[in-house]
Each structure stands twice: as structure tokens, then as C-alpha cells.
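Working notes for the structure below.
The values are calculated or read from the model by the stated rules, or taken from the named source; none is laboratory data. Remember, predicted model here, so these are calculated numbers, not experimental data. No Cβ is skipped: glycine too gets one built from the backbone with ideal geometry, and neighbour counts run over all protein chains shown. Quick note on the areas: whole protein, heavy atoms, side chains included, nothing else; ligands and nucleic acids left out. Shrake-Rupley method; radii C 1.70, N 1.55, O 1.52, S 1.80 Å.
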Amino acid sequence: MDFVLSSLNVLKVKADVLVVGFFKGQKYSGVVKSINDSLGDALKNISEEERFEGDVGKSIMLSSTFGKIGCKRVLIVGLGEKTDFSALTLKKIGNLVIKKVKGLSSVIAFTPEFCNGPGHISALAEGLLLGSYGFDKYKTNNSGNNEVEKVIFASNKVKESTLKDETEFARVISESTNLARDLVNEPPVYLTPSKLAEVASEVAEEGNLKCEIFDYAEIERRGLNGLMAVSSGSEEPPRFIHLTYEPPRKSKKSIAVVGKGITFDSGGLCLKPADSMRTMKMDMGGSAVVLGVMKAIAVLKPSIKVHGLIASSENMTGPKAYKPDDVIRAYNGKTIEVINTDAEGRVVLSDALSYAVELKVDEIVDLATLTGACMVGLGSYTAGIMGNDQKLIDKIRNASDSVGEKTWQLPMDDELRVEISSNVADIKNAGSRMGGAITAAMFLENFVGDIPWAHIDIAGPAFLEKDSNWNPKGGTGFGVRTIIKYITGK
Ligand code: BES
Ligand code: MN
Ligand code: ZN
């Protein structure tokens, strides 16, 4: 997708579709009026006919302009209330527009009001690029779709350098988000822990990051016993992945971003029923976010040191599988009583978090498709956030709000803590069903020492069963944008 500026009058710009924005209750003035006039009131008539009022997410396609203006069609899109309008609205619009013009157009143009503020072109381009995502590599006939090749911003106010900077940033964001989406969408037969490690080393090589990968023997030698235990039911060997980004100028501040990388979660001996097992290829969603973030960080070059840590395994049944009643000594020496082998994410994360503590980082953020309970509580579009440091949680919530990824904090209610106290070990890996997202976070808390830590449970938003206006079905890459925003401020 190429992005270009045109200083021509919008009526003269040539494209397959001209996108016209419309605020709620807006008068026909300026550009909208001139287009409407040229089309003999067609915009006005069709809007009335279709009861279009300018809500975000609503649009109408005028499928011919009969040669009266340069563009062949007009797509009117709602921009919502003028007072609510922001770059985020434009990101949504970008996603929506791509869906509406799909198959019709290789060149689309936007009227000047789409590029009126700083960050607007970037947000719109991000939406367009993310909206074009599809995962069809396993479909035999996957060509046909004519994609949008060129996007014209009709404006004589925007500088070439602004266009370049903003669209390049949008590309970084969408490429890293789409990497995370691809990894989640890949079937588990392809995306094994070893494959994930290969992808990680490619990301590292491309971005000049330090990359350490521990194989089975190294994981065993180091005593990453949680990861060992979970992987023991599988033929696929586990991997522990550590990428490091060093800022151009030495910095004291460092952060670890930690991801759950279960490439398939069958539940292990506590086997999931068939309906719950389906979609469990997404159980490496947290690790996909880590790789997406590291890919972007390598280009955006923030001034702090960033560690990306992934504990990756399958969770399978097998003659050597770990069992309920087993006791595991985690990497930090704490003992874990296994209550349920399906609560495996927290077991592998116990090692990855302890490892982060050893790196003496200033902050730890983990992302994990950790609990069904979090989805029950918050639905499929909102991640749960918990932790031991309210300031860090607030900062991440602010970042997520500003980029349009929804997070909501759940309380670390001390009365619930007894749920995971064990008779035989330091801690149990599962409590009752009640407050399951919270007790999972409380389990993790045992492995972060006193380092400020936030845990993001992305079980819901990492993977969507159906398309929505601004999210694809399948892997979403949820979390990539929030963590990039948090780390880089951009
Ligand atoms: N990977 C699942 C959580 C999950 C469920 C993610 C649905 C996305 C969609 C996790 O490993 C799991 O199985 N959790 C159990 C924990 C329970 C056994 C304490 C759960 O949520 O049921
Ligand atoms: Mn599980
Ligand atoms: Zn899992």
C-alpha cells in the first residue's frame, strides 16, 4: 500500500473511491457541500434515504458518480460526534474503509478533513494497513482479492515529510501487530516451540537484538523446572527465549516483557473437552505480543533497555506428562503443587518471571492468555490487568486507553489468597473457579519478588471468533500497540 499526497481539488482527484467523512448532525458545508453539489444532491438524498446520521462505524457507498467528479465512487463514512473525534476514530475508520472498498478499488482517496491534525494520517494509515490483514496462506485459491494499492490524501496543507514520518510509523505498528496475528493464526503443527524460537531469532537478527535461546538440555540444566514439567507430556521440546534491546545510549532503566508461549493447550492430563480445546493454538498469544513488540522496538529505538522473555511449550498428555499431585520446584526455588495440569500457563510463567527478577529489571509486564475466568468476567474485547504496583498499572491502562486496546483492572483481593495455599507445597497452581483470573495473578505474584509488575490477561481479546468492524477474526495482536505505547510513548 502506497501513501501519496495530492494538492488537486478533491473534485478533480482520480481514484476508484473517494472517502468523505461526515460528523453527526453536520451541515453540508465546505468540501462535503462541493461534492454534494457536483453530484446533484446525491449525498444528501442517499443519506436521508438510508437514515445515515454520521455514527462511527456507519457508511454508505455511492456506487457511481457518473463522471461528474474525478473519483468513480463515493464512500460516506460517519465520524461520530465532533467533540469525541480523535486519532482513534480515524484508526477505526481506516479499518472500516478497507472492508467497505474491498474488491472494488485499487486506488482510494481521502478528503482534506482526514488529515487535519498531528497523528491523524498515521492513525488512518494504521487502520488501513491493519484492516487489510487476512490469513489465507492455507487456502488453495487465495489470489483473487484486489487489494488497495494506493491511498491518496487530498490536501495541500500536509508536508511530504509529515506524510513520510506518519505513514512509516504506521507501517512499523502494523507490521509488528500483523506478525503477532500471524503467529497466533498459524496451526499448532507448524508453530511449535522450536518454530517460535526460530521466528524469535529472525526478529532478533533483523532488528540487531541480542538473542539467547535455551533448548531442552539448557532448560533442564538451568532448573527451569516449571517449563520442564509442562512440556514433559509432549514430543515437542520446550524453548526459553530471551531477546534484548540495548538503547543507543546506555540507560539505567530496564523493563522485561514476558509472554506465555503455549503453542497448544490440550489441558494435559486434565484434558479439555473438545469444544474448549479448539482455538487453543492461540495460547501463545502473549509470546506473539512479545515478538511483535521487540520487532517494533528495534526500529523505534526507545531510550530504555528492553528484555523480551518467552517460556514456550506444548501442554499435552503423554506417558511422561506432569500430573495432578506432582510438586515442582520453580526456578526461584518455590515449590508448586499441581492441582490441575490445565493451569499450565502460570507454571511456565513462574520460571520466566523468576528469570526476569534475576535480570534486575526495574519493571516487569507479562502478557498471557491465562484464564477462561477473565473472559467470563470481561468478555472477548477487554483484557484484565492486575499487579503489585498501582502506578505501573495506571500507566499501562493509560497507554492502552490511548491506543484503543481495552483493559480493566481486577482487584487482588487478599481474602482470595487462601485459594492457592497448599498443604504440601508453597503454593497450589489452581484455586476454585471463583475469582479464577485473580487467583492466577496471585500465583504469578509469588515469582516477581518486589519488582513493580503488571500482568495482562489477554485470554479474551487475543483471539476473536468473528470479524468485527475494527478487528479481524482469529489472532488480533492485542497488546502489541499498548506495550509499544507504554515503552516508547508513541
Ligand atoms: N489457556 C487457558 C485459558 C484460556 C481459556 C485462554 C480460554 C483462552 C480461552 C489456560 O491454560 C487454562 O486452561 N486455564 C484454566 C485454569 C483452571 C484450570 C484453573 C481455565 O481458565 O479454565
Ligand atoms: Mn490450560
Ligand atoms: Zn493455557
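Key figures
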item: Members of region 261-292 found to be in contact (Cβ under 8 Å) with a residue 60 or more places away in the chain and basic (Lys, Arg), listed by number; result: Lys272, Lys281
item: From the options Glu337, Glu363, Glu358, Glu344, residue that is under 26 Å from Thr317 (Cα atoms) and more than 15 Å from ligand 2 (Cβ to nearest atom); result: Glu337
item: First in region 475-487 and under 16 Å from Asp182 (Cα atoms), second anywhere and of a type in the set (Phe, Trp, Tyr), Cβ under 9 Å, 6 or more apart; result: Gly475/Phe135; Gly475/Phe463; Thr476/Phe463; Gly477/Tyr133; Phe478/Tyr381; Phe478/Phe463
item: Considering residues of region 54-87 that are touching a Gly at 6+ places or on another chain (Cβ under 7 Å) and surrounded by fewer than 17 Cβ atoms within 10 Å (Cβ to Cβ) only, the residue nearest to Lys27 (Cα to Cα); result: Asp55
item: Hey, Gly308 in contact with a Leu (Cβ under 8 Å, 6 or more places away or on another chain), outside any helix (DSSP H, G or I) and away from ligand 3 (no atom under 16 Å from the Cβ) or not; result: yes
item: Number of positions in region 387-422 that are free of Cβ contacts under 8 Å to residues at least 24 places away in the same chain and loosely packed, with under 15 Cβ neighbours inside 10 Å; result: 8
item: Test: residue in region 264-281 that is in a strand (DSSP E or B) and within 14 Å of ligand 1 (Cβ to nearest atom); result: yes
item: Qualifying positions in region 307-327 - open to solvent by less than 30 Å² (accessible area, probe 1.4 Å) and either touching a Ser or Thr at 6+ places or on another chain (Cβ under 7 Å) or among the polar types (S, T, N, Q) (or both); result: His307, Ile310, Ser312, Ser313, Glu314, Asn315, Gly318, Ala321, Tyr322
item: Selected residue (criterion: farthest from ligand 3 (Cβ to nearest atom)) from residues of region 356-374 that are part of a helix (DSSP H, G or I) and open to solvent by 10 Å² or more (accessible area, probe 1.4 Å); result: Glu358
item: Boolean, Gly384 is within 12 Å of ligand 1 (Cβ to nearest atom), over 19 Å from Thr482 (Cα atoms) and not aliphatic (A, V, I, L, M); result: no
